[in-house]
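Worksheet: the structure to be examined is printed underneath.
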């Protein structure tokens, strides 16, 4: 199998542009949607609020005889002045004995009042299975800004490192590829937020940074090879060089992505609930990372070098010996 | 050969040490895995103390420690975070309500004197106060938010007016003179808080009670500038005041309130107001469920990877798998030695770092195959496989470190756990993927029975023959 990506590059560019564009449209729609008001559905970590996950204690006699009636839970919340909170019945061990409540940030008295009212109307809950998260609005904003800051700083450091290891245009296109991967991941999660109400949390920012790291890795491996092929065949047209480099590293790209995806899919399907969104973000991001390094970063580089080399007689001379160590 | 032999010895020594470490030092589990509560307390500046320095934060932390110890939770962990936050971890606590109540209040206790000539005014305010309180009880049952808020505002105004009727003693008698505080039940099912002053506090208390004895003016017991009770001192104490340094705060407390107040007072008052800005609670069973499923999922995924490596890369795959197992043991030992607390994102970081380690091996073996297909000898192919793949491996690890450093610098607790395990993992994988695999690989090809190129690249002879024919 041999890919001639330089010939079909217009197709790949259009494909990527279309995916990114649909993600952006979804972000715009999210922004206009009243209960989201942001490009992505922001979770508790960023906007603040309280999230209560309670599961009934079925070891007590007659505690779980009747299924949880969501309307009773809604009435209880409304009586406490929490009419606008979102309430879901969740299944635990196959029966609907769990309750998930998202509402504004409650202090300890408000929360205790809500919990005891729910216990009275619905049944006793098992404290061993509680999950209570509560984040104040100021802390939420702080978590968000520090997350974004971490992302920006990591970006800047990677550009500096790559322009030091390669050349500036390599670094720039590597960053373009990262942006491509991140934009697609963000876009897909924006669509998920609209369709499946998936929220993003601090772990999502972690996922984005990991995607950044892996995306750069994939791109660097191909760039490494482009540099090597270039130094061995200085006269070859750049599109040929890029095609060769991509094909020589193709098995590696596929195998590495495959092994990482194996573990990620296993976490996604069988891992804890907390890691589900996180592993999904990584699955999308890593797949995009492998795709973009092959079809976007390298084709952009060959396009750019073709344009600039027309005015350059001498091919770029990079000594091979200095890069391997 | 000499170098390889010493490397093998080094690897063996490290491996034995790692197993010894794993067997003796357990890796502590985070609250999300073992269950418990984590509270983040924000320390707020006041009009007097506008800037929170390290000293103030430490002072607050000490008080928080005192109160947490009063709660009787096993192995609590209290840390300062950043310039104005304190994180309290309470393992095994399923409902942090008591902790929140105890940690939230400043608990500034003060005994004040009623000003002269305010008796009538005080009485009137107390009457309107109890009316407001009864009204509040009624309103809470009707859940009319606007009315509740309005009533609360009036209550606060009433509090303020009452506070204005009292003044501090020359040397204010505050909670810092306390030696002990304890909730005790009374005859009529209410609870009181018994307090005992130290010597200086006892003397101050005697002086204050001496001044007030028989005047009809009350001694006001204030908690966070709110009057809790206002007993009057009988004329029999006019000579010496109440001596002995004991007092009772009667506030019609419930058992819980009295105990909470006791804990707060014993722990001392907070020098600065605080607010609990984040609470995360995971029930113990829930944590156990998620740790089990995540670990099983991770191990399942890894086994698949190990099988894939052998199926695809044959002999080098086996070597890579051995290196990966060594890698996992070394990394786990590093976690234990450095005292990394394992959280759910931490496990994810560990599993991802295994992915990085696999990638390094994939890079090397692909390169080796390529060299073999070019017709090079086995030894030279393996050598240049390692040599040429190194720059890619280095670059990929450095970029991951950069991302980890950014996460560690800015991240919150869970994010930090992820960054730390991933960074440590990539550091170890730099060693195992390059040195371990390399040593094992050369050791293998030094044995004649393994020196068959087909074991390294299936169908190699066919491939070479075909290219021969094509030429």
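The values are calculated or read from the model by the stated rules, or taken from the named source; none is laboratory data. Fair warning: this is a prediction, and the values are worked out from it, not measured in the lab. Neighbour counts are summed over all protein chains in view; Cβ atoms, including those assigned to glycine, are modelled from backbone coordinates with ideal geometry.
Below are the figures for this structure:
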quantity: Filtered residue count, the range A:245-263, keeping only those that are under 13 Å from residue A:3 (Cα atoms), within 9 Å of another protein chain (Cβ to nearest Cβ) and crowded, with 21+ Cβ neighbours inside 10 Å; calculated: 1
quantity: Residues that are under 12 Å from residue B:246 (Cβ atoms) and free of Cβ contacts under 8 Å to residues at least 60 places away in the same chain, drawn from the range B:174-197; calculated: B:194, B:196, B:197
quantity: Single match in B:295, B:299, B:276 (criterion: more than 7 Å from chain A (Cβ to nearest Cβ) and out of contact with any helix residue (DSSP H, G or I) (no Cβ under 8 Å at 6 or more places or on another chain)); calculated: B:299
quantity: Count of residues meeting criterion [buried (at least 16 other Cβ atoms within 10 Å of the Cβ) and touching a helix residue (DSSP H, G or I) at 6+ places or on another chain (Cβ under 7 Å)] in the range B:233-252; calculated: 6
quantity: Within the range A:63-86, considering residues that are touching a helix residue (DSSP H, G or I) at 6+ places or on another chain (Cβ under 9 Å) and under 21 Å from residue B:278 (Cα atoms), the one surrounded by the most Cβ atoms within 10 Å (Cβ to Cβ); calculated: A:85
quantity: Qualifying residue in the range B:171-191 (condition: in a helix (DSSP H, G or I), assigned by TED's automatic domain parsing to the domain that holds residue B:105 and exposed (fewer than 15 other Cβ atoms within 10 Å of the Cβ)); calculated: yes
quantity: Options B:263, B:277; residue that is within 27 Å of residue A:125 (Cβ to Cβ) and either assigned to a helix (DSSP H, G or I) or modelled with pLDDT under 80 (or both); calculated: B:263
quantity: Selection status of residue B:56, over 30 Å from residue A:272 (Cβ atoms), in the same structural domain as residue B:262 (by TED's automatic domain parsing) and without any contact (Cβ under 8 Å) to a residue 12 or more places away in the chain; calculated: no
quantity: Any hit, the range B:106-119, residues being more than 14 Å from every other protein chain (Cβ to nearest Cβ), part of a helix (DSSP H, G or I) and modelled with pLDDT under 85; calculated: yes
quantity: Residues of the range A:275-325 classified as in contact with a strand residue (DSSP E or B) (Cβ under 9 Å, 6 or more places away or on another chain) and at pLDDT below 90, total; calculated: 1
quantity: Options A:202, A:190: the member that is in contact (Cβ under 8 Å) with a residue 60 or more places away in the chain, more than 13 Å from chain B (Cβ to nearest Cβ) and closer than 30 Å to residue A:106 by Cβ; calculated: A:190
quantity: Hits in the range A:91-119 - residues which are within 12 Å of chain B (Cβ to nearest Cβ) and over 17 Å from residue B:279 (Cβ atoms); calculated: A:92, A:93, A:98, A:116, A:117, A:119
quantity: Answer from A:285, A:289, A:272 - the residue that is within 11 Å of another protein chain (Cβ to nearest Cβ), crowded, with 21+ Cβ neighbours inside 10 Å and under 22 Å from residue B:345 (Cβ atoms); calculated: A:272
quantity: Leading residue by the ranking (farthest from residue B:94 (Cα to Cα)) among those in the range A:120-136 that are assigned to a helix (DSSP H, G or I) and at the interface with chain B (Cβ under 9 Å from one of its Cβ atoms); calculated: A:129
quantity: Where residue A:27 falls short, out of the listed (1) within 24 Å of the chain's Cα centre (by Cα); (2) surrounded by fewer than 19 Cβ atoms within 10 Å (Cβ to Cβ); calculated: (2)
quantity: Filter pass, residue A:161 being within 12 Å of chain B (Cβ to nearest Cβ) and farther than 20 Å from residue A:294 by Cα; calculated: yes
quantity: Residue among B:137, B:75, B:100 that is in contact with a strand residue (DSSP E or B) (Cβ under 7 Å, 6 or more places away or on another chain) and loosely packed, with under 12 Cβ neighbours inside 10 Å; calculated: B:75
quantity: Filter pass, residue A:91 being under 20 Å from residue A:137 (Cβ atoms), modelled with pLDDT under 85 and under 34 Å from the mean Cα position of the chain (by Cα); calculated: no
quantity: Residue within the range B:37-46 that is free of Cβ contacts under 8 Å to residues at least 12 places away in the same chain, closer than 21 Å to residue B:257 by Cβ and within 13 Å of another protein chain (Cβ to nearest Cβ) present; calculated: no
quantity: Members of the range B:409-429 that are over 17 Å from residue B:332 (Cβ atoms) and either more than 33 Å from the chain's Cα centre (by Cα) or at pLDDT 80 or above (or both); calculated: B:419
quantity: The lone exception for residue A:185 - which of (1) within 9 Å of chain B (Cβ to nearest Cβ); (2) under 14 Å from residue A:290 (Cβ atoms); (3) crowded, with 22+ Cβ neighbours inside 10 Å it fails; calculated: (1)
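So that you can scan it fast, the table gives a plain yes or no per residue for (1) surrounded by fewer than 22 Cβ atoms within 10 Å (Cβ to Cβ); (2) farther than 18 Å from residue B:457 by Cβ; (3) in contact (Cβ under 8 Å) with a residue 24 or more places away in the chain; (4) more than 7 Å from chain A (Cβ to nearest Cβ):
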site	(1), (2), (3), (4)
B:333	no, yes, yes, yes
B:338	yes, yes, yes, yes
B:347	no, yes, yes, yes
B:376	yes, no, no, yes
B:387	yes, no, no, no
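Listed here are the residues, each with its yes/no results for (1) in a loop (DSSP other than H, G, I, E, B); (2) farther than 30 Å from residue B:152 by Cα.
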| position | (1), (2) |
| --- | --- |
| B:200 | no, yes |
| B:204 | no, yes |
| B:208 | no, yes |
| B:214 | yes, yes |
| B:222 | no, no |
| B:227 | no, no |
| B:240 | yes, yes |
